[in-house]
Amino acid sequence: MPELKPIHAVLILVLIAIAALYVLGVGLGATGKSPSAIDPMEEARTLKARFLKPRPVKAEELATACSFTDGALAVPRAATCTVDVKASDTRSRSLGLTPRGASSVKVEWVPRGRPSVPATFNTLDEAKTLDVTQEGADLKVTCLVPVAPLPFCMLFLLPASGAKADGGS
């Protein structure tokens, strides 16, 4: 048998490496999506749901002067209610916001922990889930347009009987 030349050995090693990378890519779930087609926020939510499952905020961790019953905050028309999400020994918690019906509310979210990113939803029209750090946060809710027969807007902050506040995101 003729002697194997160094270039032939290199080519064989390259082919084996390509085959190994292909098998690894298929085995680990490589996708045909281009990096620009992947939504980084969706990817972050998926990873968070997989590895970090924060517990929901409890009713006793919320303080407000507004009407707050069964996990629902009632805000009079054109009024603003401030909700204090108290500090906790739990590293991460989640707070679900679910507006009732067609009422329109403005929500301002200011986390106390550092680093923090405040958020403002000028018209919250769908359920959202906010992350609460150990230090707590401040939530300001303004009623813009209440549901027709009621003089106030309702925003569910906690799951309650008759209200599904799972966040949906």
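The values are calculated or read from the model by the stated rules, or taken from the named source; none is laboratory data. Everything numeric here is computed off the predicted structure, so don't read it as measured data. For neighbour counting, all protein chains shown are included, and Cβ atoms are generated from backbone atoms with ideal geometry for every residue, glycine included. Only protein heavy atoms, including side chains, enter the accessible area calculation; ligands, DNA and RNA are left aside. Shrake-Rupley method; radii C 1.70, N 1.55, O 1.52, S 1.80 Å.
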Quick one: would you say Thr31 is of a type in the set (S, T, N, Q) and either in contact with an Asp or Glu (Cβ under 8 Å, 6 or more places away or on another chain) or at pLDDT 75 or above (or both)? no
With respect to Asp84, is the statement that it is under 27 Å from the mean Cα position of the chain (by Cα), on the phi < 0 side of the Ramachandran plot, open to solvent by 40 Å² or more (accessible area, probe 1.4 Å) and modelled with pLDDT of 90 or more true? yes
The stretch 118-153 - residue that is acidic (Asp, Glu) and out of contact with any helix residue (DSSP H, G or I) (no Cβ under 9 Å at 6 or more places or on another chain) and, of those, least open to solvent (accessible area, probe 1.4 Å): Asp138
Could you list, in sequence order, all residues of the stretch 98-155 that are free of Cβ contacts under 8 Å to residues at least 60 places away in the same chain, assigned to a strand (DSSP E or B) and polar (S, T, N, Q)? Ser104, Thr120, Asn122, Thr123, Thr129, Thr133
Qualifying residue in the stretch 57-67 (condition: touching a strand residue (DSSP E or B) at 6+ places or on another chain (Cβ under 8 Å), in contact (Cβ under 8 Å) with a residue 60 or more places away in the chain, of a type in the set (Val, Ile, Thr) and more than 13 Å from Val141 (Cα to Cα)): yes
